[in-house]
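I have placed the structure first, in the form of structure tokens, so that the comments after it can refer back to it.
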Amino acid sequence: MSGLQNYKTDYQQIQADLPGQSLAWLQQIRIDAFSVFSDTGFPSLREEEWRYTNISAIEKKLFSPSTNVDSNAIDQAWLDSFCLKDAYTLVIINGRFSKAHSSLKGLPETVTILSMGDALEQNPELVEKYLTKAVANEEHSFVAFNSAWFSDGLFVHVPVKQVLDKPVQLIHLVTQADCLAVSRNILIVEDMAQVEVIETFVGDSNAYLTASVTEIFVEKNADLTLYKMQNEGDKAYHFGGTYVKQAKHSRFKHHNFAFGSLLARNDVHTDLDMASECDLNGLYIGVKRQHIDNHTRIKHMQPHAISKEMYKGILNQRAKGVFQGLVFVAEDAQKTDSVMNNRNLLLSNDAEADAKPQLKIYADDVKCAHGVTVGQLDEKSIFYLKSRAIDEATARNMLTFAFANEMVGKVDNKELHTMLLGQLLQRFSQKSVDEKWL
Amino acid sequence: MLNIENLHVNVGDKAILKGVNLQIKPGEVHTIMGPNGAGKSTLSHVLSGKAGYTVTQGKVTYMGKDLLGMEPELRAREGVFLAFQYPVEIPGVSNIYLMKAALNANRKHQGLDEVDAMDFLTLVKDKIKLLQMDEKFLYRAVNEGFSGGEKKRNEILQAAILEPKLCVLDETDSGLDIDALKIVAKGINSLRTEQRSFLMITHYQRMLDYVKPDFVHVLADGRIVKSGGPELALELEAKGYQWVGGKAA
């Protein structure tokens, strides 16, 4: 109880520093959100959607927004190792936009890419139109917490028929101990527009809390590919929520790579209108005592939409992975075509995978498939490799790498692909092999 | 090269091999035929080191060493190659990567430098022509989505690259149509040398029309009940296994 009280008290201190002070509508959103959060506190194990993930550690500790951001203290080489060269880049350090590290050179004038703080100053009407429209504060109290506390974020608006020439990368960096970094992002892809966005989360080895909510609007015939690279520091707590509204004939592809943090919870929720498509891919790799929770929810609201989902997990030592996936098909959503898969590889006796796939189908002419596996490496495959002179440890490493690489292989962005492949190879090194042969 | 003496093998409590004796000298091609359940595949699995088999009696010596005491990968590095009856599909590991890793593991064992990518590519492109396989098979995942014939050709391709001393071919002819059989047989024949030995396990005589063995043995109920030259296979084909005391399949 006292933990929650600390957050409430702290909010009174930091509130005045949050952006959008002069906007009455935003103040109302923050007041309402604070009230929702105050009533319930952080989500607890008693809630069905949180039953596998205990976040009481967040409440016991007080994470507080950083007060001084010294951008000069950032290790540029480290930051560069996560930065795509060929992209429009926005960098948020300890919860605040850093202009010095960002670059929007060559951005077409018709496209808006701003920090959330700047967007609230320059174009508050547009933000008002979308904020809290893809996810309500009532979704769960982490969303409400985010609405009350957010200190910055990314705002992207791609106008009708615009195909953006380069991807947009948002780098979310935390460098302070006990820092609370709360960002709110809005991505709007108007009719027939197309864009690729990369969200990267990195931090140092201190304990800190990232809470990021991204609201997404993919309008008619529009196309969005969103990558998430969660490489938080190994003592970090991470909450990330991606909430999508897909209009008719829109396409949304999500690639969710969760490698970092001590405890991570990730929501990906999308609502599908007529004949829209979503493709949700995930790869989570946990070691030591890492806990990674993926919560996906696909709602088929209208006919002829297609959803494809594949989440893979590799869990070693005492790591725990959670997959909760819901596919909801409304009564009107005839001819829905949906497939949901979750595959878990347990590399040690103490690792754990909790999988809860759910189908709720109210239409009668649909195709919905789902599958879950939790298992070890295939002994037949290991023997086959051993019979080809390869030692057992190398064989296991090859197979584990292959299991993960299927998901990295789906990444079309070349630069990002190379970066992710490098990260996989760091974890499961493959001896003397040409990258193109992997 | 290979000396199997009084080999008894159990799977669980069940005796499968009940005293097998077989001697293979360098350059010889031996065929083991026999009805279903005679223990043919058990013999190939035991030679390659697959888990799940208990040797209760007897020994196997390979190049003067105790074969049964070696891990499977060590057997492979010492030059024993098993062509699987059912090659395993390994999604995510490309064929070329597996073959290079295998060759380099062998070379390392022999104290040689690893072969580099370019040299390996030259080698593998040369061998793949022999098996009439398209180069695209190199970059596909090991055996994934291969037809039965492609899988068997791929096994022989691996043998061609690893250049083993002893090839154990476990029903390499099964599941092949006549064209694929000819290609696989051609591949096997091209591997024959003065020094390299073969142990071919098969149900049918037809493989032997294309790969001429030096010796034919009949395995029935866990023992070799008859041995002879290639003519024995023809006689078996005509008379059936009951002729040599095997049960009807």
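The values are calculated or read from the model by the stated rules, or taken from the named source; none is laboratory data. Since the structure is predicted, the reported quantities are computational estimates derived from the model, not experimental observations. Positions of Cβ are generated from backbone atoms using ideal geometry, with glycine treated the same way; all protein chains shown enter the neighbour counts.
Restricting to region B:156-172, what's the tally of residues that are farther than 15 Å from B:Met133 by Cβ, within 12 Å of another protein chain (Cβ to nearest Cβ) and either in a helix (DSSP H, G or I) or acidic (Asp, Glu) (or both)?
Count: 3.
Output the residues belonging to region A:376-391 that are within 12 Å of chain B (Cβ to nearest Cβ) and either touching a strand residue (DSSP E or B) at 6+ places or on another chain (Cβ under 8 Å) or not basic (Lys, Arg) (or both).
A:Leu377, A:Asp378, A:Glu379, A:Ser381, A:Ile382, A:Phe383, A:Tyr384, A:Leu385, A:Ser387, A:Ala389, A:Ile390, A:Asp391
Of (1) more than 13 Å from the chain's Cα centre (by Cα); (2) modelled with pLDDT of 95 or more, B:Asn36 satisfies all except one. Which?
(2)
Could you list, in sequence order, all residues of region B:66-99 that are buried (at least 23 other Cβ atoms within 10 Å of the Cβ), more than 7 Å from chain A (Cβ to nearest Cβ) and either touching a Cys at 6+ places or on another chain (Cβ under 6 Å) or more than 20 Å from B:Leu169 (Cβ to Cβ) (or both)?
Passing the criteria: only B:Phe81.
Name the residues in region A:187-219 that are among the polar types (S, T, N, Q) and over 14 Å from the mean Cα position of the chain (by Cα), would you?
A:Gln194, A:Ser205, A:Asn206
Mind checking which pairs have a first residue in region B:203-226 that is at positive phi and a second that is polar (S, T, N, Q) and outside any strand (DSSP E or B), Cβ under 9 Å, 6 or more apart or different chains?
B:Gly222/B:Thr42
Could you list all residues from region B:100-123 that are under 16 Å from B:Pro164 (Cα atoms), in a helix (DSSP H, G or I) and away from chain A (no Cβ under 11 Å)?
B:Leu123
Determine which member of the set A:Thr394, A:Thr400, A:Thr373 is surrounded by fewer than 22 Cβ atoms within 10 Å (Cβ to Cβ), within 14 Å of chain B (Cβ to nearest Cβ), assigned to a strand (DSSP E or B) and of a type in the set (Val, Ile, Thr).
Matching residue, one of A:Thr394, A:Thr400, A:Thr373: A:Thr373.
If a residue counts only when it is modelled with pLDDT of 95 or more and under 24 Å from A:Gln290 (Cβ atoms), which helices (runs of 4 or more DSSP H) contained entirely in region A:41-153 have at least 2 such residues?
A:141-149
Tell me whether region A:169-180 contains one or more residues that are in contact with a His (Cβ under 6 Å, 6 or more places away or on another chain) and surrounded by 18 or more Cβ atoms within 10 Å (Cβ to Cβ).
Checked region A:169-180: no residue is in contact with a His (Cβ under 6 Å, 6 or more places away or on another chain) and surrounded by 18 or more Cβ atoms within 10 Å (Cβ to Cβ).
Tally the residues that are within 22 Å of A:Glu379 (Cα to Cα) and touching a residue at least 40 places away in the same chain (Cβ under 8 Å), restricting the search to region B:50-66.
The qualifying residues number 4.
List pairs: first residue in region A:275-286 and at negative phi, second residue assigned to a strand (DSSP E or B) and of a type in the set (Asp, Glu) anywhere in the structure, Cβ distance under 6 angstrom, at least six positions apart or on different chains.
Final answer for the pair search is A:Leu280/A:Glu309.
So which pairs qualify, if the first residue must be in region A:9-24 and within 14 Å of A:Phe145 (Cα to Cα), the second must be of a type in the set (Ser, Thr, Tyr) and modelled with pLDDT under 90, the Cβ gap must be under 9 Å, and the two must be at least 6 apart or on different chains?
A:Ile14/A:Thr67
Do you know which residues across region B:215-248 are under 18 Å from B:Asp173 (Cα atoms) and acidic (Asp, Glu)?
B:Glu237 - this is the single residue of region B:215-248 that is under 18 Å from B:Asp173 (Cα atoms) and acidic (Asp, Glu).
Within region B:28-37, can one find any residue that is more than 14 Å from every other protein chain (Cβ to nearest Cβ), in contact with a Gly (Cβ under 8 Å, 6 or more places away or on another chain) and assigned to a strand (DSSP E or B)?
No; the residues of region B:28-37 include none that is more than 14 Å from every other protein chain (Cβ to nearest Cβ), in contact with a Gly (Cβ under 8 Å, 6 or more places away or on another chain) and assigned to a strand (DSSP E or B).
For region A:403-423, how many residues are surrounded by 15 or more Cβ atoms within 10 Å (Cβ to Cβ), assigned to a helix (DSSP H, G or I), away from every other protein chain (no Cβ under 11 Å) and of a type outside the set (S, T, N, Q)?
6
For region A:424-438, which positions are within 11 Å of chain B (Cβ to nearest Cβ), surrounded by fewer than 16 Cβ atoms within 10 Å (Cβ to Cβ) and in contact (Cβ under 8 Å) with a residue 24 or more places away in the chain?
Residue satisfying the conditions is A:Lys431 alone.
Would you call B:Ile188 closer than 22 Å to B:His45 by Cα, modelled with pLDDT of 90 or more and part of a helix (DSSP H, G or I)?
When the stated conditions are applied, B:Ile188 passes them.
Only residues that are more than 12 Å from B:Arg223 (Cβ to Cβ) and either touching a residue at least 24 places away in the same chain (Cβ under 8 Å) or under 17 Å from the mean Cα position of the chain (by Cα) (or both): list them for region B:13-33, please.
B:Gln23, B:Ile24, B:Lys25, B:Pro26, B:Gly27, B:Glu28, B:Val29, B:His30, B:Thr31, B:Met33
In region A:264-298, which residues are under 18 Å from A:His140 (Cα atoms) and either touching a helix residue (DSSP H, G or I) at 6+ places or on another chain (Cβ under 8 Å) or not hydrophobic (A, V, I, L, M, F, W, C) (or both)?
A:Arg265, A:Asn266, A:Asp267, A:His269, A:Thr270, A:Asp271, A:Asp293, A:Asn294, A:His295, A:Thr296, A:Arg297
So if I check each of A:Asp365, A:Asp354, A:Asp350, A:Asp337, which one is surrounded by fewer than 18 Cβ atoms within 10 Å (Cβ to Cβ), over 18 Å from A:Phe403 (Cα atoms) and touching a residue at least 40 places away in the same chain (Cβ under 8 Å)?
The conditions single out A:Asp354.
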